[in-house]
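Just below is one structure, and these are the notes that go with it.
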Amino acid sequence: MFISQMSKVTFLRIGRAAWAYRACAGLALALMMSACASSDLLRDPVPEGLVNRALVDNLEGIRYWGDAPPGTYRSIAEERITQLQKKYGASGLKGKRMDIESLSLSGGGGDGAFGAGLLVGWSESGTRPEFEVVTGISTGAMIAPLAFLGPRYDALLKEAYTTASSEQLVKTQVLSALLGSTDGLADSKPLANMVARYTNQKMLEDIAAEYRKGRFLLIGTTNLDAQRPVIWDIGALANSGRPDALQLMRKIILASASIPGALPPVKIKVAADGKSYDEMHVDGGVTRQVFLYPPGFEPEIVDKALGWKPVRRAYIIRNSKVAPEFAATKAKLFPIAARSISTLIKTQGVGDLYQIYLTAKRDRVDYNLAFIPGDFALQSKSAFDKAYMNVLFKLGYSLGRAGVRWEKSPPGWD
């Protein structure tokens, strides 16, 4: 579980598994045959002119674009100010030094076992902080709720990344995808079932309670029609009191992990100008592999209103290697395409680490980065190789338990 982002270990991290090569081949054939499909998968997309006005069940404040310009996020800053003033009093923070720590969890498929192990080991070292903000993309979106709620959820985090297998999570439907009757090469029900297993009403209530303390749990998806990242405020959703909040949270997590082509997109019903539509959300890693907060957000607005002296630290866990890895590529169409996509994802991820670094420098945030060491040589043998994930979990655990040597800049900066 919590290993989704099937791309990274199916056809996006294709170099590791033959199944992934078949997925790429199937995707290419599906694209060629789509014009001949006998049945279209019906939907009612939001018109372009209404995209910015679409709301989920009239719930305002539970999501926002992840790439909007400065000034757009002022309402978020004001909400943060209100929450903290309610917690500490209108002038309770004036002049005080406050440590504010955030955790950003990247995509990476089965390599999410690294981040899970690191967090569990970090807890056992006794030095893991309570994060004010936790963000997650794809496999990181799976880890994020458990990481947000702290060490009391570590046992579930370990279980999720050491007991799952390909047999549990991968159920292919290539033929129906080729015929145009489904919109993914694999059925997402097994993954959805695992998401449901690890997210329940008690967790939702715990998230809401932490949100009321001024903490934030943010998960990223990609609005495929708009080609834009969307950030979901899971704490605000949990605190909304809506009876369907748990189901929506599960859909958001599933969407963040649903790589286009490998898994069906997640359709989320919205309304705009009194009419109902649907949005198509897919893997958050399509637009970014990891995020701190939108670059357009301005922390100084909060700082000036509260009068405090914040010391901000950002911890970024990249569930992947960041250095190039040599692998001889067969001179055939699908191996070349697979290797190219895998390389694209790796370089995109490095670019995201640079964006976070520059944002951190601008906002005086201490930058701390961890990633899978380059000398970790074990290769997974399937999409969700339990043995591989257990070894990777133990590696992350040992680093977290002994004290992570956090990198202070993105790879290549020095």
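The values are calculated or read from the model by the stated rules, or taken from the named source; none is laboratory data. None of these values were measured; they are calculated from a predicted model. Ideal geometry is used to build each Cβ from the backbone, glycine not excepted, and the neighbour counts take in all protein chains shown. These accessible areas exclude ligands, DNA and RNA; they are computed on the full protein's heavy atoms, side chains included. Shrake-Rupley method; radii C 1.70, N 1.55, O 1.52, S 1.80 Å.
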- Query: Among the residues of the stretch 358-414, which ones are assigned to a helix (DSSP H, G or I), farther than 16 Å from L103 by Cα and of a type in the set (A, V, I, L, M)?
  - Reply: L358, A387, M389, V391, L392, L395, L399, A402
- Query: Which of (1) open to solvent by 30 Å² or more (accessible area, probe 1.4 Å); (2) modelled with pLDDT under 95; (3) farther than 21 Å from V51 by Cβ does P260 not meet, given it meets every other one?
  - Reply: (3)
- If you scan the stretch 318-357, which residues turn out to be in a helix (DSSP H, G or I), open to solvent by less than 70 Å² (accessible area, probe 1.4 Å) and basic (K, R)? K346
- Item | Candidates S102, S106, S123 - the one that is open to solvent by 10 Å² or more (accessible area, probe 1.4 Å), within 13 Å of Y315 (Cα to Cα), at pLDDT 95 or above and not charged (D, E, K, R) | S102
- Query: Inside the stretch 179-293, counting only helices (runs of 4 or more DSSP H) that do not spill past its ends, which hold 3 or more residues that are under 17 Å from the mean Cα position of the chain (by Cα), under 17 Å from G107 (Cα atoms) and of a type in the set (D, E, K, R)?
  - Reply: none
- Query: What are the residue pairs meeting all of these: first residue in the stretch 224-249, first residue within 21 Å of V195 (Cα to Cα), second residue among the aromatic types (F, W, Y) and surrounded by 22 or more Cβ atoms within 10 Å (Cβ to Cβ), Cβ atoms under 8 Å, and 6 or more apart or on different chains?
  - Reply: I231/F291; D233/F216; G235/F216
- Message: For a quick check of your reading of the model, give me the residue pairs whose first member lies in the stretch 329-358 and is closer than 19 Å to L292 by Cβ, whose second is crowded, with 18+ Cβ neighbours inside 10 Å and of a type in the set (D, E, K, R), with beta-carbon atoms closer than 6 Å and at least 6 apart or on different chains.
- Response: D352/R288
- Do we find a residue being hydrophobic (A, V, I, L, M, F, W, C), in a strand (DSSP E or B) and over 25 Å from G284 (Cα atoms) anywhere in the stretch 76-98? yes
- Message: Return the pair list, or none, for Cβ contacts closer than 6 Å from residues in the stretch 108-136 that are closer than 15 Å to L369 by Cβ to residues that are part of a helix (DSSP H, G or I) and among the basic types (K, R), at least 6 apart or on different chains.
- Response: G108/K8
- Could you list, in sequence order, the residues of the stretch 340-392 that are acidic (D, E) and within 18 Å of the chain's Cα centre (by Cα)? D352
- Message: For the stretch 298-317: of the residues being of a type outside the set (K, R) and open to solvent by 40 Å² or more (accessible area, probe 1.4 Å), which is nearest to the chain's Cα centre (by Cα)?
- Response: E298
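Say we look at the stretch 376-414 and pick out the residues that are of a type in the set (D, E, K, R) and surrounded by 14 or more Cβ atoms within 10 Å (Cβ to Cβ); which of these is nearest to A160 (Cα to Cα)?
Of all residues in the stretch 376-414, those of a type in the set (D, E, K, R) come to 381, 385-386, 394, 401, 405, 407-408, 414.
After this cut, where a residue has to be surrounded by 14 or more Cβ atoms within 10 Å (Cβ to Cβ) as well, the list is 385-386, 394, 401, 407.
Values: D385: 13, K386: 11, K394: 14, R401: 19, E407: 27 Å.
Ranking the qualifying residues of the stretch 376-414, first place goes to K386.
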- Task: Output the number of the condition that E205 fails; it satisfies all remaining conditions of (1) at pLDDT 90 or above; (2) open to solvent by 40 Å² or more (accessible area, probe 1.4 Å); (3) under 26 Å from A54 (Cα atoms); (4) among the acidic types (D, E).
- Result: (3)
- Task: Inspect all residues belonging to the stretch 58-65 and state whether any of them is in contact with a Lys or Arg (Cβ under 8 Å, 6 or more places away or on another chain) and modelled with pLDDT of 95 or more.
- Result: yes
